[in-house]
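Asks: I'd like to ask you about the structure that follows.
The values are calculated or read from the model by the stated rules, or taken from the named source; none is laboratory data. Worth saying up front: this structure is predicted, and the values here are computed from it rather than measured. Ideal geometry is used to build each Cβ from the backbone, glycine not excepted, and the neighbour counts take in all protein chains shown.
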Amino acid sequence: MFRFQDSTPPPKFINMGKLRRQGFSVLAPLAAVAALLALVFQRGQIDRLDLVALPIVAAVMLLSDLALRLNRIRLDAALSLTYWVCCAYLLLLFHHQFSSFVPQHQMLSEGVLWFPAMYVVAFLIWRVRQAAQVVGVTIGVTLLIAAAHIWPMWRGGVLSDRLLASLSQFFLSGILISLIQYVGASARRQYEEMRRLAFVDSLTGLPNRRAAQQMLERLDEGNLPYAAVMIDLDLFKQVNERHGHDEGDRVLTQSARLLGQHLAAPNLLARWGGEEFLMVLPDIDSAQAHLVAERARHTLAAQPFGVVGQVTATFGVADTPLEHTRPPAESDAAIRHERVLRRADLALRQAKVAGRDQVRVAPGEPIRQYDHQIGAASAEAPTADDQTIPLS
């Protein structure tokens, strides 16, 4: 069933999983090339650590990217592997320069400038709390390495002010950047959660009316065909009156689960309001939508609801073929889904009058006198075309 999870955004939200995958596919080869170029630029004075570590880093980057493209590894695993390999290299570099670079220059080398970049990457890979833990461990290890080297230098009286200043700037800048990333990532996650909740019904966990309307607008903007199924739980007010609102809420929650049991993306089941639900089924016509609705109706009616007993629903189906035969004007596209919903609602009302617990497809003509037809629905006898189709 189409639901909005933490990693499933409402319509028009950025697909972060896809964005991260594309970013890794671009950055991993670039990082491998950069590692190999670093060896080339050192020429005849290649550091022993770089001679061993940089080819390993480049190989891990390229192999991870290849495995990801071949679907042999998950994106999260590829990101974690490459991060920890790069982090291990930087920690070894930090330790190594106290015996190679620091004695000669009394300051840290430019290689440590990559540490803040790793802190930023950590907040892009993991959730805020986990990223903070990873960064905290990394900073803690660098502190231990620095202390292990500085202590003997201080005891021997060879610790220079220049080295202390370089170490102070390294740690303070890293901590400051990490704090900024933590605050920014926390605010961004809170904002994304608020936006997500704005498109989710708090009771059922389904997309809400706003989410459904936004999806319909996107389909209209692309002039794409779809079917809409209006759903109304039968005699729901009696459930609240006889068993209380708590039991009514349980009925709504269980009904939402059952109605969407056979749906998958890009199909959407939304809570439209009260005891009403809406299915939006892209790229199918009313005949196919009728089968989907019948399956949902049968599933709902076959499931007992505790003290409430059986719960049934009535369905109204309409689609967009008539709207899709000609490119709509901009003003028409803005109201196309309104016409489809009116036709689906009319079919729903006619099915209610005809006895409930059934699926009815809207007439094939566009609605021109909607209010008149609604008023006349109670006087219409169901025709052969309007009869529900039994399950095969």
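Asks: In the range 266-280, which residues are within 19 Å of N223 (Cα to Cα) and modelled with pLDDT under 95?
Replies: P266, N267, L268
Asks: Looking only at the range 16-60, how many residues end up being of a type in the set (D, E) and part of a helix (DSSP H, G or I)?
Replies: Within the range 16-60, residues that are of a type in the set (D, E) and part of a helix (DSSP H, G or I) number 1.
Asks: For the range 181-209, how many residues are among the hydroxyl-bearing types (S, T, Y) and outside any loop (DSSP other than H, G, I, E, B)?
Replies: 3
Asks: Oh, and also: Can you tell me which residues in the range 145-191 are without any contact (Cβ under 8 Å) to a residue 40 or more places away in the chain and under 30 Å from R271 (Cα atoms)?
Replies: A187, R188, Q190, Y191
Asks: Restricting the first residue to the range 329-346 and requiring it to be assigned by TED's automatic domain parsing to the domain that holds W272, which pairs with a second residue that is aromatic (F, W, Y) and at pLDDT 90 or above meet a Cβ separation below 9 Å and a spacing of at least six or different chains?
Replies: These pairs meet every condition: H337/Y226; V340/Y226; A344/F315.
Asks: Also: I need a count of the residues in the range 253-285 that are touching a helix residue (DSSP H, G or I) at 6+ places or on another chain (Cβ under 8 Å), at negative phi and not in a loop (DSSP other than H, G, I, E, B).
Replies: The number of residues fulfilling the criteria is 14.
Asks: List pairs: first residue in the range 97-116 and in contact (Cβ under 8 Å) with a residue 40 or more places away in the chain and surrounded by 16 or more Cβ atoms within 10 Å (Cβ to Cβ), second residue assigned to a helix (DSSP H, G or I) and of a type in the set (K, R) anywhere in the structure, Cβ distance under 8 angstrom, at least six positions apart or on different chains.
Replies: Q106/R162; M107/R162
Results for (1) surrounded by fewer than 16 Cβ atoms within 10 Å (Cβ to Cβ); (2) more than 21 Å from the chain's Cα centre (by Cα); (3) closer than 24 Å to V102 by Cα, shown as yes or no for each residue.
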site: V134; (1), (2), (3): no, yes, no
site: A146; (1), (2), (3): no, yes, yes
site: L163; (1), (2), (3): no, yes, yes
site: F170; (1), (2), (3): no, yes, yes
site: I180; (1), (2), (3): yes, yes, no
site: R189; (1), (2), (3): yes, no, no
site: V200; (1), (2), (3): no, no, no
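Asks: Any chance the range 218-225 includes a residue that's under 25 Å from A354 (Cβ atoms), among the basic types (K, R) and surrounded by 13 or more Cβ atoms within 10 Å (Cβ to Cβ)?
Replies: Checking the range 218-225: not a single residue is under 25 Å from A354 (Cβ atoms), among the basic types (K, R) and surrounded by 13 or more Cβ atoms within 10 Å (Cβ to Cβ).
Asks: Considering only the range 288-317, how many residues are in a strand (DSSP E or B) and modelled with pLDDT under 95?
Replies: Number of matching residues: 2.
Asks: For L92, which of the numbered conditions (1) surrounded by fewer than 17 Cβ atoms within 10 Å (Cβ to Cβ); (2) farther than 30 Å from T253 by Cβ; (3) among the hydrophobic types (A, V, I, L, M, F, W, C); (4) under 25 Å from the mean Cα position of the chain (by Cα) fails to hold?
Replies: Result: L92 fails condition (4) only.
Asks: Taking the condition assigned by TED's automatic domain parsing to the domain that holds Q350, under 20 Å from Q350 (Cα atoms), in contact with a strand residue (DSSP E or B) (Cβ under 7 Å, 6 or more places away or on another chain) and of a type outside the set (S, T, N, Q), does A270 pass?
Replies: no
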